[in-house]
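Enquirer: Submitted below is the structure of interest, expressed as structure tokens.
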Amino acid sequence: MLTPALVVDLSAAAHNIAAMQRRLARSTARWRPHIKTVKQVNVVRELLLAGVRRFKCATLPELRLLDSLARDHAGDEGLDILWAYPTTAAARASLSGIHLHPDAAVSLLADSPRHLRELVAWARTDARPWGVYLDVDVGMHRTGTPPQGWTDPDTLAALAGTLTFRGLHGYDGHHRSEERSLAHGAYDALVELARHLGLRRDHAVITSGTHSFEHALLHEGLGAGPWQQEVSPGTIVLSDLRSAPAAEALGLRQAVFVAARVISVGAGRVTLDAGSKALNPDVRPPHCQLLGWPALEVGTPSEEHLPVSGPQDALPQLGELVWIVPAHACTTVNMYREALYLRDGAYAGTGKVEAAGHPLWVEGHHD
Ligand SMILES: Cc1ncc(COP(=O)(O)O)c(C=O)c1O
């Protein structure tokens, strides 16, 4: 095997999925995992095998990946997909250009009342039914409109034809695991909006990724309906260093690694072939941990090199294989086109990371 290589332990992923499902069994909330972390059919299949049918995605390739699985599961319960990212006009033109499977119920986000009007105008030109979630800015200030911007009753009245209101989406990725009261303040405002808009049993209020889903599950109002509560952690399927509090609480196993080799040995230093193009350093250091080498300190990567220092007698040898746990699984997975799989501790084949990267052209148009 060449290195650096992306290695995914499918047994560990299945274990993590089951752990999340056990946690949700103590709540009325449903799980809508975000597949931006895994981006590959072979891991999404583990979610489907476990009975998960609701998903979030962020890009068109991720949506197409889910759609391809809806095709496989035709006749079964259909997939419910939320493209949890504000669509541009070009993205919507792509949606009009592809034939999504009828068993895939796809919803879009309305970022603001103005964006909602754009969706309404586009939907008039498109025969397919689409769900719509209002994106509520619950304090992250990344997308969406603050709750007070969604209270005008005329906003929802504008939804017509092939667009159906499905509920509220309030993503709070800025809340850490120790910030429960801040998170609960944001959920209070979301619940007030849900009540104001008269959300019913067939609507959902969706919040939270890996760092704050536990806050959402412990918030009384979010789960008190009549709407359905949903949470959307995705990183927990693979786990990484950043998700340590959730990993500990749920008993997660590490399911993604970068396999690297020692390519250079110096005094008190070795260099691995997993630089910033193999292991994303987009988080505060340390951006990774070497499995089974506790005495070693990870240095600053360059594009193809990762220097590591430590006592001379505790360094790996030239050519030795080293397993690395990324601090941020999502952006690391996105760097690979292929993954090597393990199951029950043994080699279990390889597969593509189908949804890595971004396409250039609008579907059906090359201009
Ligand atoms: C809108 C949205 N939902 C859900 C998630 C999943 O969060 P996590 O990767 O922490 O599990 C993210 C992560 O960035 C997100 O942006």
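Enquirer: Only Lys, Arg, Asp and Glu count, each charged at its Cβ (+1, +1, -1, -1), so figure out the dipole size of the chain about its Cα centre, rounded to 20 debye.
Expert: It comes to approximately 420 debye.
Enquirer: In addition: With labels modelled as points extended 7 Å from the Cα through the Cβ direction, what inter-label distance (nm, one decimal) is found for ASP188 paired with ARG22?
Expert: The modelled label-to-label distance comes out at 3.4 nm.
Enquirer: Restricting to DSSP H runs of at least four residues, report the calculated mean residue ellipticity at 222 nm for the chain, -39500 (n - 2.57) per run over all residues, nearest 500 deg cm²/dmol.
Expert: -7500 deg cm²/dmol
Enquirer: Separate question: Find the relative contact order for the chain and round it to a whole percent, using C-alpha pairs within less than 8 Å whose residues are 6+ positions apart.
Expert: With pairs under 8 Å counted, the relative contact order is 22 percent.
Enquirer: Could you work out the Kirkwood radius for the chain, taking every pair of different alpha carbons, averaging 1/r and inverting it, reported in Å?
Expert: Every distinct Cα pair counted, the radius reaches 21.7 Å.
Enquirer: Considering the alpha-carbon set of region 80-198 alone, what are its Rg and its Dmax in angstrom?
Expert: 15.0, 46
Enquirer: 7 Å from Cα along Cα→Cβ at both ASP126 and ALA90: what's the point-to-point distance in nm?
Expert: 1.6 nm
Enquirer: What FRET efficiency do you get for HIS196 and LYS352 if R0 is 35 Å and r is their Cβ-Cβ distance, rounded to the nearest 0.05?
Expert: 0.20
Enquirer: Can you list residues from other chains, or at least 5 along the same chain, whose modelled amide H is less than 5 Å from the amide H of GLY131?
Expert: Hits under the 5 Å cutoff: VAL106, SER107, LEU108, THR164.
Enquirer: Expressed in nm to one decimal, what extension gain is obtained for the pair SER264 and THR300 from 0.36 nm per residue of sequence separation less their Cα-Cα distance?
Expert: 11.4 nm
Enquirer: Next up: For region 256-352, evaluate the Debye formula with one uniform point scatterer on each Cα (no solvent term) and list log10 I(q)/I(0) at q = 0.13, 0.24 Å⁻¹, rounded to two decimals.
Expert: -0.44, -1.29
Enquirer: Ok, one more. From the residues HIS141, GLN289, ALA246, which one has its Cα farthest along the dipole of the chain in the positive direction, the dipole being from +1 and -1 charges on Cβ of Lys/Arg and Asp/Glu about the Cα centre?
Expert: Sorting the options by dipole projection puts first ALA246.
Enquirer: Collect residues whose amide H, placed 1.01 Å from N in the peptide plane, falls under 5 Å from the amide H of HIS203; neighbours closer than 5 in sequence don't count.
Expert: Result for HIS203 returns GLN228.
Enquirer: Ok, one more. Using 0.36 nm times the number of residues separating HIS174 and ILE98, minus their current alpha carbon distance, what extension gain do you get?
Expert: Going from the current span to full extension adds 23.9 nm.
Enquirer: Same structure again: Pop the C-beta distance of VAL283 and ASP152 into the FRET formula with R0 = 30 Å and round what comes out to the nearest 0.05.
Expert: In this case the efficiency is close to 0.15.
Enquirer: Separate question: Cα gyration tensor of region 32-235, axes a ≥ b ≥ c as square roots of the eigenvalues: rounded (a/c below 1.5), prolate (a/b > b/c) or oblate?
Expert: oblate
Enquirer: Still on this structure, I have one more. Please enumerate, by chain and number, the lysines with C-alpha under 22 Å from the C-alpha of LYS277, excluding those fewer than 8 residues away in the same chain.
Expert: Those lysines meeting the cut-off are LYS36, LYS39, LYS352.
Enquirer: Further, regarding this structure: Considering only the other residues whose Cβ falls under 15 Å of the Cβ of PRO311, what net charge follows from Lys and Arg at +1 and Asp and Glu at -1?
Expert: With Lys, Arg at +1 and Asp, Glu at -1, the net is -1.
Enquirer: How far apart, in nm, are the 7 Å Cα→Cβ label points at ARG114 and MET1?
Expert: Those two pseudo-labels are separated by 5.0 nm.
All of the numbers you see were taken from the coordinates with simple rules; none came from a lab. Note that this is a predicted model, so its numbers are computed, not measured. All Cβ positions, even for glycine, are placed from backbone atoms using ideal geometry, and neighbour counts span all protein chains on display.
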